[in-house]
1. Looking only at segment B:62-74, count every residue that is loosely packed, with under 15 Cβ neighbours inside 10 Å and either touching a Gly at 6+ places or on another chain (Cβ under 9 Å) or under 17 Å from residue B:330 (Cβ atoms) (or both) and tell me the total.
2. Restricting attention to helices (runs of 4 or more DSSP H) lying wholly within segment B:97-164, give those where 3 or more residues are β-branched (Val, Ile, Thr) and either within 12 Å of chain A (Cβ to nearest Cβ) or touching a helix residue (DSSP H, G or I) at 6+ places or on another chain (Cβ under 6 Å) (or both).
3. State all residues of segment A:63-105 that are over 19 Å from the mean Cα position of the chain (by Cα), at the interface with chain B (Cβ under 10 Å from one of its Cβ atoms) and part of a loop (DSSP other than H, G, I, E, B); if no residue qualifies, say none.
4. Of the residues A:219, A:177, which single one is on the phi < 0 side of the Ramachandran plot and in contact (Cβ under 8 Å) with a residue 60 or more places away in the chain?
5. Limited to segment B:302-325, what total is found for residues that are in contact (Cβ under 8 Å) with a residue 24 or more places away in the chain and assigned to a loop (DSSP other than H, G, I, E, B)?
6. Select from segment B:46-73 the residues that are within 14 Å of another protein chain (Cβ to nearest Cβ) and polar (S, T, N, Q) and list them in ascending order.
7. For residues that are free of Cβ contacts under 8 Å to residues at least 24 places away in the same chain, under 27 Å from residue B:200 (Cα atoms) and assigned to a loop (DSSP other than H, G, I, E, B), tally how many sit in segment B:374-417.
8. Name the residues in segment B:313-325 that are within 11 Å of chain A (Cβ to nearest Cβ) and over 16 Å from residue A:193 (Cβ atoms), would you?
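The values are calculated or read from the model by the stated rules, or taken from the named source; none is laboratory data. Model, not experiment: these values are computed from the prediction. Glycine gets a Cβ as well: all are built from the backbone with ideal geometry, and neighbour counts include every protein chain shown.
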Amino acid sequence: MAALGGAAGHGHGAMTTTLRRISTALALLAGLLAPHAQGQRPHRAGLWIETGGGVGYVRIASSGSTTVTSAPGSVSYLRFGVLLSDKVLLGVENFGFVDDMLGFFRGDTSSVAETWSFTVVVLWYPWRSSGLFAKAGVGASQGTLTVTPPGGGSPVTATGTGVGLTFGLGYDRKISRKLALTGCLCADIAGIGDVVLPTTRIDDMIASIYHVTIGLTIR
Amino acid sequence: MAVLTIPFIAAAQSDSTPATPLVTGRPLRAVTQTVILNVAVNRADAWVFGQDWAYSGTRTWGRNLRVGWEWDEDQFGTNLMMHPYHGGLYFNAARSNGLSFWEAAPVAFLGSWTWEYFGEKDRPSLNDFFMTSFGGIALGEMFHRLGATIRDNGAPHRTLREIAAFPLDPMGWVNRPRGRNATLANPPEHAPGALSLRLHGGARFVVDSRLHMSSGTPTLIVDFGYGDQFLQPYRAPFDAFRLRAVLGDRGLNALRASGRLYGPRTRRQHLFLVNQRFDYVNNAAYRVGGQSIEGGLESHWPLPSGWQLRTEAYLDAILMGGVDATTAGFGKRNYDFGPGGGARFRMEFGRRGWTYFAFSAEGDYIHAVSGATADHFLGYGGFEVTLPLGTSIGLGIHNTTFLRRSVNSDRPDEIRRFPELRIFLTWTQVTWPRSGVPQATATAP
């Protein structure tokens with residue numbers, strides 16, 4: 001019935017860098033959204049594929065504790081699929097998050113957190129003349145924590161596999177007949193069960209990752 | 001019995017059924033009703049029932065948004081039946097406001113999400129979100145269609161029909177046209193064409209292999225088939241579904257259903273289908289349930305003298321399942337949650353609406369992500385024999401077995417077996433499309 005050790009502590013510099021990254025990504029996203037839809041056909045046709053990356057923020061929670069461990073990191077994704085209708089797309093998504101400075105107590109940055117998910121996603125474009133879309137999906141996820149034991153020694157890796165959910169809002173900005181820039185403000189939730197580490201045991205771990213991404217879409 | 005036969009009367013009076021919905025899409029009204037529903041349920045729980053968890057406010061909202069998801073410790077029936085029913089109300093707020101199945105699905109997610117974050121003092125529960133959203137979509141669509149079938153705007157004795165349909169689809173009652181907007185027409189879901197209802201009343205005997213004990217209880221089984229995969233090409237999600245409800249010593253002991261999400265738009269002998277499943281089994285011997293999506297092949301084999309053979313083979317992905325075990329659970333909860341997968345096979349042999357013999361086998365795997373550090377392997381199978389004693393009365397014998405093997409990482413494995421025998425009097429009523437030939441029986445999974 002153990003829980004997380006405590007809130008993560010990160011250096012002020014790392015946090016500032018991350019905030020700067022997030023601000024830059026948001027500014028880029030805003031730039032994409034600013035020029036209003038120019039009547040272009042917004043979304044994809046036939047087989048489409050999209051890949052990109054960005055920045056994210058993970059919150060790791062567990063059963064029996066109200067304490068969360070949180071940390072920034074980087075994300076990447078690959079998404080492809082087909083059209084179900086003019087407004088609805090069906091696809092699969094592989095999403096990954098990595099943070100190599102996770103800690104379970106103040107000042108600790110010795111752990112590495114990774115989550116991967118593989119989900120079936122639905123993209124819904126409510127307006128035919130706009131590139132704005134909502135995304136939702138469900139699938140499997142895997143979380144890996146690599147921890148260096150206190151006092152040194154070889155890093156220990158613990159992995160959990162479970163269920164994954166993804167939600168978000170995005171925007172396609174056409175840059176050529178076949179290409180578009182795609183921004184997304186999304187959340188991925190990974191319920192990956194018990195993870196046992198040398199210093200702690202995380203029961204029923206849930207990692208919630210909030211992220212901003214920019215990708216290239218071949219549509 | 002009278003209430004349950006109403007759908008057949010309704011189906012027989014299908015002349016007033018238009019091809020388009022009676023209500024045009026009102027998404028804003030659907031979302032508003034979802035919010036009102038959450039507020040009403042929350043206030044009723046707080047003020048009427050005095051539930052501590054319902055006293056949520058800005059402080060708990062902030063905490064929930066900051067801390068995020070957890071797994072809750074509620075009872076099996078609450079999590080795997082009541083939450084899906086609650087989700088069905090959100091979904092049907094949208095359906096009864098003219099939104100399609102796919103347009104209504106996000107409303108179920110929205111209602112579930114807002115309830116989890118703002119409707120309870122506790123932290124938002126990931127298992128509730130799965131059960132309320134996916135279970136709500138499955139139960140909601142089936143209850144929406146059942147409610148529409150029971151209600152008949154052109155028939156006399158509408159009050160009785162309204163009372164019968166209300167528990168299934170209260171939001172449909174809230175939003176149905178009234179006063180000057182009232183119409184004698186029925187929505188397209190009112191008359192699906194093929195309908196089948198089979199009631200089995202009798203005794204059920206279950207044995208627990210570990211406790212070496214058996215118990216017998218009076219039981220009523222309701223098998224309901226709405227639409228037919230072979231007679232009717234795919235038009236919309238859940239235009240064909242099958243449902244089995246078991247009523248016994250604990251009230252609702254089981255509700256298992258499978259609805260067609262996608263299939264071919266032409267009539268074929270072999271169909272590749274994608275279904276959404278809803279499973280809830282909560283009896284004195286074992287508890288298992290969850291939300292899943294399955295894809296597979298259904299085939300129909302005509303035989304001489306009007307006999308029919310029908311086979312189903314499916315692979316399924318369990319989005320979120322729940323299963324009890326001796327070592328399972330967390331805190332006050334004594335069962336595990338987790339995703340998984342499985343396969344099932346079913347064969348039915350029958351004639352003229354009667355299923356004389358049915359065989360089924362199903363295997364599932366649930367990887368616990370909340371509760372014990374365990375993997376659960378589940379097996380369910382058996383046969384059902386029905387002997388007609390007249391045009392609609394028959395004698396039925398079911399022999400099934402539920403098996404569970406729980407592989408624990410930190411405790412010994414556990415194997416349990418629950419054989420079950422049912423002896424029933426069976427009453428069957430089947431309605432087929434006027435233009436169709438009764439080619440297949442429709443029995444619950």
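1. 0
2. Details: elements: B:101-114, B:126-130, B:136-150.
Helices (runs of 4 or more DSSP H) meeting the threshold: B:136-150.
3. Once the filter is applied, which keeps residues that are over 19 Å from the mean Cα position of the chain (by Cα), at the interface with chain B (Cβ under 10 Å from one of its Cβ atoms) and part of a loop (DSSP other than H, G, I, E, B), segment A:63-105 yields A:63, A:64, A:65, A:66, A:67, A:84, A:85, A:87.
4. On the way: A:177 fails: in contact (Cβ under 8 Å) with a residue 60 or more places away in the chain.
Result of the check over A:219, A:177: A:219.
5. Step one: of segment B:302-325, the residues in contact (Cβ under 8 Å) with a residue 24 or more places away in the chain are B:302, B:305-325.
Those still in the list that are assigned to a loop (DSSP other than H, G, I, E, B) too: B:325.
Count: 1.
6. Keep residues of segment B:46-73 that are within 14 Å of another protein chain (Cβ to nearest Cβ), which gives B:59-60, B:62-73.
Across segment B:46-73, the qualifying residues are B:60, B:64.
7. Qualifying residue count, segment B:374-417: 3.
8. Kept after step one, since they are within 11 Å of chain A (Cβ to nearest Cβ), are these residues of segment B:313-325: B:317-321.
Once the filter is applied, which keeps residues that are within 11 Å of chain A (Cβ to nearest Cβ) and over 16 Å from residue A:193 (Cβ atoms), segment B:313-325 yields only B:317.
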